[in-house]
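Reading through the structure tokens given below for one structure.
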Amino acid sequence: MPNRRTVIQGMASMPFLLGATSTTRLLNRSSVLVIGAGLSGLNAATLLEGQGVDVRVIEGRQRTGGRVHSLAEVPGNPETGGTGASPAYARWIDIAKTHDVALTDITPILPYLFKRELVLGDEVIPAATWPTHPRNPFPSNSRALMPWQYASRTIHQDNPLKTLDAWQDPANASLDSPIHDWLARRGMTDPMIDLAYDTNPTLGHSAYGVSALMVLGDAALSAANRRVVESSHVGGYRVTGGNQRIPEAMAATLKHEVEFGKDVIGIRSTATGVETHCADGTLYRSDHVVSSMPLTVLRRVRIDPLLAGLQAELVKTLAYQHLTLVHLVARSPFWEKDGLSPNMFTDGIAGMVLAQRRGKSPAEVTSLTAFISGVPAIWLDQLSEPEANARVVSAIERIRPSARGQLEAVAYKSWSRDPFAGGTWAFWQPGQVSRLAAPARLPHGRIHFCGEHTALLARGMEGALESGERVAMELLNA
């Protein structure tokens, strides 16, 4: 995979065609205005500025990081967005090293992470009894597999996509149908799919609503990452002190400080420049604009001239994962009383509960996080924050009586209710990849787009960085 140094070296050989078109410096005037201080926007900004381009970055929130957010107020500084990095995240790791951001090898905690309790209908089902349990829908040769293992094994074993860009190859367009149908053709019944895919889904809200091309593409990426893990003997990294330290370090290198509280409401592009209007009345003028806004946010921005055709359809229809997180602190290690793992895979409102191990020893549990995704997250988002916290705590207490009175909800995050996110990562619905993925990367006049939804070869934080590189090179060749 390309890394940041390779891209920077390539940029140095490009002709510099951007920059100030006039010696006049107007208020809020720049060559490039970047909207969004997440990883994608900041990577574009720092790369462009490194080539002499006058760049300004504005952000709707009051912090940098976008969907990378570390919680300093919670013991251990857990992440509520941008949770970890594979050793295959070449750009991410290179940026951390460039900015002297310390990384922690999380390999020692992985054995604890992979051990979790299966909970169906508030019943804890031990792995030893799962093969003969009446709720086990899997075929006889696979009944020992836990629900979170079964669909993954099927997808990886039968995946026809062998390269990282194959999911957007027109030759594979016939796979742009529901992953449900692809799994069904491999013998998975609806009860099997419901348990193995639709319970705590990471892509889509159900197997009917996400394209097989995206799921299979993710599996190909996962296989590539696994090969890097095997060769490096490192399971993953996190930033010491929180992953948000990386975008903060990137922002600190910019000549102009990131301007916060700038909620963009309109972008007008002409033959000679771009005007960007914010809700507070601020007007920015630039030669070009880079939008790293999620499309859930961009769709409420007035763009002139209007987007048309496939680009307009994309902005209106691309879906984002519903994910709500409840961070909990335990007053006592209740899991030691009942002899079970603090980690749980549930089919209820508690979702996936994982112990955060960010202390001096991998065995130390600093906090717990309930990851609620898909339909349960949509339901939970209808409640107030205190009520949502109470429902999750109550659900855990029903499952684990030893936890009664021992849990305190200390932080809550609904990404779908975040006005500057509208969800976590984008997911492509059936029929969208072959029609809309390529247009996602196209400029609209002087407006250019980046963000993880435009990445081709990576996902998550690395995908965001990849997209920032692409748009920076696009501008330098403009």
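Using unit Cβ charges (K, R positive; D, E negative) and no other charged atoms, how large, in debye to the nearest 20, is the dipole of the chain about its Cα centre? Write out the running numbers ahead of the final one.
Working: 46 positive and 45 negative charges, 75 e Å.
The dipole of the chain has a size of about 360 debye.
Of the options Ala437, Tyr412, Ile447, report the single residue whose Cα projects farthest towards the positive end of the charge dipole of segment 383-458 (beta-carbon charges: Lys, Arg +1; Asp, Glu -1).
The Cα lying farthest towards the positive end belongs to Ala437.
Give the distance, in whole Å, between the Cα centre of segment 198-254 and the Cα centre of segment 419-441.
Cα centroid of segment 198-254 versus Cα centroid of segment 419-441: 16 Å apart.
How would His205, His444 line up by accessible area, probe 1.4 Å, largest first? Provide the component values of the computation, followed by the final result.
Details: His205 50, His444 25 Å².
Most to least solvent-accessible, the answer reads His205, His444.
If you roll a 1.4 Å probe over segment 265-422 with all protein chains in place, what percent of the accessible area is carbon or sulfur? Don't skip to the answer; put the middle values down first.
Numbers: 3390 of 6310 Å².
Looking at segment 265-422 in its full context, I get 54 percent from C and S.
Around Gly266, which amide H atoms from residues at least 5 apart in sequence, or from another chain, sit under 5 Å from its own amide H, with H modelled in the peptide plane?
For Gly266, the qualifying residues are His277, Arg302.
In nm, to one decimal, how far is the Ser140 label point from the Phe114 one, both placed 7 Å along Cα→Cβ?
In this crude spin-label approximation the distance works out to 2.9 nm.
Averaged per residue, what accessible area in Å² does segment 266-406 show with a 1.4 Å probe, protein chains only? Show your work: numbers first, answer last.
On the way: 5630 Å² over 141 residues.
For segment 266-406, the per-residue accessible area is 40 Å².
Quick one: 3J(HN,Hα) in Hz for segment 312-329, Karplus 6.51/-1.76/1.60 with θ = phi - 60°, rounded, Gly and Pro as x.
5, 4, 4, 4, 6, 10, 4, 9, 10, 5, 7, 8, 10, 10, 10, 9, 10, 10
Which percent, to the nearest 5, of DSSP beta bridges fully inside the chain are antiparallel?
Working: 42 of 63 bridges.
The antiparallel proportion sits near 65 percent.
Would you compute, from DSSP H runs of 4+ residues alone, the mean residue ellipticity of the chain at 222 nm, taking -39500 (n - 2.57) per run and dividing by the full residue count, rounded to the nearest 500? The partial results should precede the final answer.
On the way: 16 runs with 146 residues, N = 478.
My calculation for the chain gives -8500 deg cm²/dmol from helical runs alone.
Relative contact order for the chain: what is it in percent, counting Cα pairs under 8 Å that are at least 6 residues apart? Walk me through the numbers on the way to the answer.
Values: 964 pairs, mean separation 118.4, N = 478.
Reported relative contact order: 25 percent.
Which angle between 0 and 90 degrees, to the nearest 10, do you get for helix 460-476 versus the longest principal axis of the chain when only C-alpha atoms count?
Computed tilt is about 10 degrees.
Suppose the chain between Thr240 and Glu259 were pulled fully straight at 0.36 nm per residue; how much longer would it get relative to their current alpha carbon spacing?
Working: separation 19, 0.36 × 19 = 6.84 nm, distance 2.61 nm.
Difference between extended and current length: 4.2 nm.
Could you tell me which of the pairs Lys262/Lys413; Lys97/Lys316; Lys337/Lys360; Lys115/Lys337; Lys115/Lys162; Lys97/Lys255 are separated by over 27 angstrom between their Cα atoms in the structure shown? Please report the intermediate quantities before stating the final value.
Values: Lys262/Lys413 21 Å; Lys97/Lys316 38 Å; Lys337/Lys360 22 Å; Lys115/Lys337 17 Å; Lys115/Lys162 29 Å; Lys97/Lys255 20 Å.
From Lys262/Lys413; Lys97/Lys316; Lys337/Lys360; Lys115/Lys337; Lys115/Lys162; Lys97/Lys255, over 27 Å: Lys97/Lys316; Lys115/Lys162.
Relative contact order for segment 251-391 using alpha-carbon pairs under 8 Å, separation at least 6, rounded to a whole percent?
On the way: 179 pairs, mean separation 23.0, N = 141.
The value is 16 percent.
How much accessible area does His288 have with a 1.4 Å probe, in Å² rounded to the nearest 10?
It works out to around 20 Å².
With every protein chain left in place, what is the accessible area of Met473 in Å² (1.4 Å probe, nearest 10)?
Roll a 1.4 Å probe over it and Met473 shows about 70 Å².
The values are calculated or read from the model by the stated rules, or taken from the named source; none is laboratory data. None of the values given here were measured: they were computed from a predicted structure. Glycine gets a Cβ as well: all are built from the backbone with ideal geometry, and neighbour counts include every protein chain shown. These area figures cover heavy atoms from the full protein model, side chains too; ligands, DNA and RNA do not enter into them. Shrake-Rupley method; radii C 1.70, N 1.55, O 1.52, S 1.80 Å.
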